[in-house]
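The structure appears right after this line, and notes come after that.
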Amino acid sequence: GLAPTDLKVDASGPRMRSHGGSSTQFTLPADLLARASHRLRVMSLGCAAVMGLAMLVSWSAPIPTALDPRVAGIATAVVLVLSLGLFGLTFVKSLAPSSLLDVGLIYQVLAGLGVAVAESFFTYDPDSTVRGVSWLCLWIVVFPLIVPSTPGKTVLVATSAAAMGPLALLFTLVSGAASPPALRWVLLVAPNFLGAVIAVALSSVIHRLGTDVSRARRMGSYRLESLLGKGGMGEVWRSQHGLLGRPAAVKFVRSEKVLQHSDLDSQSVLKRFRREAEVTAMLSSRHTVQLYDFGRTDDGTLYYVMELLDGIDLEQLVAKQGPMPSRRVAHILLQVCESLAEAHASGLVHRDIKPANIMLCRQGLKPDCAKALDFGLAGHHEQEAQVRTRLTETKVITGTPAYLAPESIQGDATQDAGTDLYSLGCVAYWLLTGTRVFDADSALKLAFAHVQTPPRPPSERLPEGTVEPALEQLVMACLEKTQDRRPESAEALARELR
């Protein structure tokens, strides 16, 4: 199932702010800002490379000029240093993309002055009316495509960059160059200001497109900011409430994606999605992800809004850090038991308990807070016979093979709380050993192993004394092949864990 992950995402993206009834202002979404920051990094490195090459060429094959070529060399070196400095700033994680792009605008003006000075000292000829396309003009036009900004900022920055042309020409005159006629002055500087006009037009188009994207990324009162995860038909986005400013995770399935599947599959997906929202809304345990909102957009996209978890799922955690000590495992299992106990008391079976569906996060000042996710496969006890019949007809096994109980694989109608406890035993085995209960090269062999093969105790996979014997005994009890030999309930298992 889709769930928020431990990805670190910048939250400086599109936000709706209300100021006493004033109009809502939209900015570029966070992911578009991040892409623009990456383009700025590539551009600054490219500019540094071009300036370095220009200096190398000027030293190896000096260009004849009436002015001092050392001034052009100094200007080129300044642009090189500025470019390398900006390139280094793009790696500063504490600098938000929006702030980095503002620094990029300052860089545009300062680098524009260096380019204009170098160009004037290399190419200035008072007797020529044609100089070719100005590098400063190209710089002004192209920059908004790399660093998007509001039209107002672009007017200020592009005009300032264009003014660097006349400033560089004045500098050449101070350095002893002959003054050209007034008309030639106009011919030399007019293209830069024309480029500034084009830059403002381009900026307006880009800003309008970004605003349209921002408006399109609205789910009810929540604005989507950055992608956290995605699957075949669904996505999970970091979002923020427009008025309250509360962060949240929005999960949705796009209608066009659903329609690409068969009628049976699409209806199943929509039904599961709606059931997941309904079931999650029924549960109030602090160890079950909380649901804030549910709805459908004008284009038919179903979505629900849940709390944004700051953490990592158990699948990723063990893969990164290795097996956990027994007491920490018991602490995590105890919390998941609390979530399952409430679900089971409501007549619900989760049916997809696995490490990827359990998040370990920080809640307030409390670390290691476990949250159960993805109740999309949950069903009532009395519905299991109908579920089994449907699965048999469609030849689908519901759940994740590595964590399925034998009765789930066999399609028994008697799936109950013990089914979830078997899966929880598989999760505990993963946390203790860093390996799954059974490994096989196919889902079919894996399923047969869960049905027929006795599991090896965790202590046989680890150095002696690593696993607490009492905890291992509980895990092995959860992994019994028959339901009546497992703990009688999640509450009973919790008591033993305590």
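The values are calculated or read from the model by the stated rules, or taken from the named source; none is laboratory data. Please read these numbers as outputs of a predicted model, since none were measured by experiment. As a convention, Cβ positions derive from the backbone with ideal geometry for all residues, glycine included, and neighbour counts pool all protein chains shown. SASA here: full protein model, heavy atoms, side chains in, ligands and nucleic acids out. Shrake-Rupley method; radii C 1.70, N 1.55, O 1.52, S 1.80 Å.
Quick notes
- Accessible area per residue was computed with a 1.4 Å probe on protein heavy atoms; V155 scores about 70 Å².
- Of the whole protein surface, D416 contributes about 60 Å² of accessible area at a 1.4 Å probe radius.
- Of the GluC sites (Glu not before Pro) found in the range 429-498, those that fall in a DSSP loop while having at most 14 other beta-carbon atoms within 10 Å are E464, E488.
- Computed from backbone phi, the HN-Hα couplings of the range 482-498 come to 9, 5, 6, 9, 8, x, 5, 6, 5, 5, 5, 5, 4, 4, 5, 5, 4 Hz, rounded to whole numbers (Karplus: 6.51 cos²θ - 1.76 cosθ + 1.60, θ = phi - 60°; Gly and Pro given as x).
- With the whole protein complex present, T482 retains an accessible surface near 70 Å², based on a 1.4 Å probe.
- Protein accessible area in the range 395-498, 1.4 Å probe - carbon and sulfur %: 50 percent
- Proximity of backbone amide H atoms, modeled 1.01 Å from N, is registered between G229 and V236 at under 5 Å, excluding neighbours fewer than 5 places apart on the same chain.
- Taken one residue at a time, the phi angles of the range 164-171 give Karplus couplings (6.51, -1.76, 1.60, θ = phi - 60°) of 5, x, x, 5, 5, 5, 4, 5 Hz. Gly and Pro are set to x.
- Amide H contacts of Q363 (H built 1.01 Å from N, under 5 Å, at least 5 apart or other chain): C369
- The range 298-355 - percent of accessible surface contributed by carbon and sulfur, probe 1.4 Å: 49 percent
- Mean sequence separation of contacting Cα pairs (under 8 Å, at least six apart), scaled by the length of the range 138-206, corresponds to a relative contact order of 63 percent.
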